[in-house]
Amino acid sequence: MNRKTTDVTRAKNGRPVHHWRRDVVELAALFTAVAVADAVANLIGHGPDGPALLLISAVVLLATAAFHTWWARRHGHAPPASDTGARPGSPERAGTGESPKDGQGTPEAVPGPSTLWRLRTTVRDEPGSLAALCTALAGHRVDILSLQTHPLGHGTVDEFLLRAPATLPAGDLTRAVALAGGSGTWIERADAHDLVDAPTRILGLATRTALDAAELPLALRQLLGRCTIRQLPAAPADGTQDAVPAEGVLEDTVLRLRAPEGSVITVERPYLPFTPTEFARARALVELDSRLGPRIPRSQDVLTLPEGDAITVRRAGTDDVAAAKEMHGRCSSRTLSLRYHGPVGDADRYLNHLLSPRYGRTLAVETSSGRIVALGHLLWDGDETEVALLVEDAWQRRGIGSQLLGRLVAMAAEAGCASVYAVTQASNTGMVAAMRGLGLPLDYQIEEGTLVITARLEPAAVSGRLTVGE
């Protein structure tokens with residue numbers, strides 16, 4: 001289709017637009033030219049003043065052509081705004097190249113301060129339900145940034161990422177959704193990370209899980225939102241407990257998934273039911289983890305202690321259980337009791353659990369000869385995170401514990417943990433000093449003679465005070 005045809009057939013509300021003024025001018029010019037030419041031909045053929053009349057005709061034709069050119073340039077070929085229903089641009093946008101929205105029920109950008117919300121609601125599975133909901137949100141000048149739908153048997157769960165005026169309370173927002181037909185509405189504050197679309201976020205979580213087995217609980221938490229994740233031993237073979245099938249189980253607000261080694265990963269939310277889509281995504285992450293098998297990043301840092309000894313800090317896993325047991329044998333009973341808070345003889349039993357990436361991350365410190373002399377653990381404890389340290393007696397008071405703790409806390413902050421806690425005793429002055437050395441806000445609690453120190457992680461403060469590579 002050529003440009004002229006496109007100009008003529010542009011439509012307003014589906015009707016063609018005809019530029020009648022331009023057509024009238026062109027037709028008038030044509031008829032004038034024909035009439036003048038006919039008159040000139042008659043006069044030249046029948047009168048003695050033929051050359052003079054021919055010159056006059058030429059002047060008239062040139063004047064007509066000049067008038068037509070002036071008219072076309074003055075009015076142009078674009079239809080006026082009143083012919084298309086377009087609104088005039090605002091002065092603020094003049095010259096910026098930004099076009100206002102079309103005004104067909106869609107609000108412009110939220111003016112002034114705004115708030116991001118994640119909102120989920122259930123609507124009837126019938127035509128017009130979603131449209132009514134979007135219209136209600138537009139009435140409060142709420143911008144819909146993304147939308148996911150989860151079809152269910154009794155309706156459809158719609159999950160929105162919204163940008164609303166900061167002055168709009170959450171109660172008014174949920175009330176508007178309820179009046180538009182939404183039920184079971186749930187809302188919480190969102191942040192900039194939620195602006196990433198769902199497929200991109202899921203691919204990123206899958207990549208992190210593929211690189212590090214310890215990332216699986218964190219990936220599930222980021223995928224499913226605010227929830228509690230626990231890994232429990234496999235059901236006993238005597239049938240006293242229901243076994244979880246290979247495909248997993250979805251029970252309203254609880255997911256049960258089979259881990260590769262036979263244990264059960266339980267994911268629970270207090271009030272928001274899981275959708276089949278969320279269940280399928282979580283199961284896919286667990287299946288990916290199962291297929292890839294045990295894996296731990298092999299990065300390491302070499303440090304020089306004040307005395308001049310070189311040590312290496314690296315990730316540890318179940319392959320290090322034997323070396324860790326040897327370190328236990330070189331530790332005093334007091335050192336082991338301060339770390340494990342139980343019978344010293346049971347210390348070796350904990351190592352398989354502590355070194356498994358299923359339950360957290362472990363850093364090991366080894367000498368130039370390859371002997372492990374310290375371990376630092378970052379343990380996923382439901383929706384909380386624990387840090388723990390064990391340094392061999394001969395290597396204490398050299399700053400190794402502070403180096404390990406700083407790295408563990410930085411890893412926790414990177415994983416999005418809001419706080420970490422350490423369980424110790426008041427007599428364990430080394431651990432207390434290491435926690436205080438973080439420079440973070442600390443809370444102290446005494447529980448049954450045990451000291452629990454909680455450090456609140458502030459991302460800016462952690463990044464400024466703790467460096468993983470030093």
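Tabulated values for the structure
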| read-out | value |
| --- | --- |
| Flag if Val177 is surrounded by 15 or more Cβ atoms within 10 Å (Cβ to Cβ), among the β-branched types (Val, Ile, Thr), closer than 23 Å to Arg281 by Cα and in contact with a strand residue (DSSP E or B) (Cβ under 9 Å, 6 or more places away or on another chain) | no |
| Candidate set: the range 351-367, residues that are more than 22 Å from Val286 (Cβ to Cβ) and touching a Lys or Arg at 6+ places or on another chain (Cβ under 9 Å); chosen: the one modelled with the lowest pLDDT | Leu351 |
| Test: residue in the range 284-297 that is in contact (Cβ under 8 Å) with a residue 60 or more places away in the chain and under 26 Å from Val423 (Cβ atoms) | yes |
| Subset of the range 359-383 (residues that are in contact (Cβ under 8 Å) with a residue 40 or more places away in the chain, part of a strand (DSSP E or B) and among the charged types (D, E, K, R)) | Arg361, Glu366 |
| Restricting the range 346-370 to residues that are of a type in the set (Gly, Ala, Ser) and buried (at least 18 other Cβ atoms within 10 Å of the Cβ), the residue that is nearest to Ala422 (Cα to Cα) | Gly360 |
| Those residues of the range 289-314 which are aliphatic (A, V, I, L, M) and not in a helix (DSSP H, G or I), in sequence order | Ile296, Val302, Leu303, Leu305, Ala310, Ile311, Val313 |
| Residues of the range 393-415 satisfying the condition of being over 31 Å from the mean Cα position of the chain (by Cα) and either open to solvent by 10 Å² or more (accessible area, probe 1.4 Å) or more than 23 Å from Gly360 (Cα to Cα) (or both) | Asp393, Ala394, Trp395, Gln396, Arg397, Arg398, Gly399, Gly401, Ser402, Gln403 |
| Identity of the residue in the range 150-173, of a type outside the set (A, V, I, L, M, F, W, C) and surrounded by 14 or more Cβ atoms within 10 Å (Cβ to Cβ), that ends up farthest from the chain's Cα centre (by Cα) | Gly155 |
| Tabulated pairs, the range 298-325, first closer than 13 Å to Gly370 by Cβ and of a type in the set (D, E, K, R), second open to solvent by less than 20 Å² (accessible area, probe 1.4 Å) and assigned to a loop (DSSP other than H, G, I, E, B), C-beta under 8 angstrom, 6+ apart or interchain | Asp320/Leu355 |
| Residue in the range 214-226 that is modelled with pLDDT of 80 or more, under 27 Å from the mean Cα position of the chain (by Cα), under 30 Å from Thr362 (Cα atoms) and part of a loop (DSSP other than H, G, I, E, B) present | no |
| Residue list for the range 184-210, restricted to those being β-branched (Val, Ile, Thr) and under 18 Å from Arg226 (Cα atoms) | Thr185, Ile187, Val196, Ile202 |
| Residue match in the range 384-391 (condition: of a type in the set (Val, Ile, Thr), surrounded by 15 or more Cβ atoms within 10 Å (Cβ to Cβ) and in a helix (DSSP H, G or I)) | no |
| Residue check for Leu355: aliphatic (A, V, I, L, M) and touching a Ser or Thr at 6+ places or on another chain (Cβ under 6 Å) | yes |
| Failed item, numbered, when Leu250 is tested on (1) under 30 Å from Leu152 (Cα atoms); (2) hydrophobic (A, V, I, L, M, F, W, C); (3) open to solvent by 20 Å² or more (accessible area, probe 1.4 Å); (4) in contact (Cβ under 8 Å) with a residue 40 or more places away in the chain | (4) |
| Residues that are more than 20 Å from Ala410 (Cα to Cα) and small (Gly, Ala, Ser), drawn from the range 422-437 | Ala426, Ser427 |
| Tally of residues being among the charged types (D, E, K, R), in a loop (DSSP other than H, G, I, E, B) and either surrounded by 16 or more Cβ atoms within 10 Å (Cβ to Cβ) or modelled with pLDDT of 80 or more (or both) across the range 96-143 | 4 |
| Any pair with Cβ under 8 angstrom, 6 or more apart, that starts in the range 416-443 at a residue that is open to solvent by 20 Å² or more (accessible area, probe 1.4 Å) and ends at one that is among the basic types (Lys, Arg) and assigned to a loop (DSSP other than H, G, I, E, B) | Gly430/Arg397 |
| Filter result (assigned to a helix (DSSP H, G or I), open to solvent by 50 Å² or more (accessible area, probe 1.4 Å) and either more than 28 Å from Pro294 (Cα to Cα) or of a type in the set (Asp, Glu) (or both)) within the range 317-345 | Asp319, Glu326, Arg330, Ser333, Arg334, Val344, Gly345 |
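The values are calculated or read from the model by the stated rules, or taken from the named source; none is laboratory data. All figures in this text were calculated on a predicted structure; none of them were measured in a lab. We place every Cβ from the backbone using ideal geometry, glycine too, and count neighbours over all the protein chains shown. All accessible areas refer to the heavy atoms of the entire protein, side chains included, with ligands and DNA or RNA removed. Shrake-Rupley method; radii C 1.70, N 1.55, O 1.52, S 1.80 Å.
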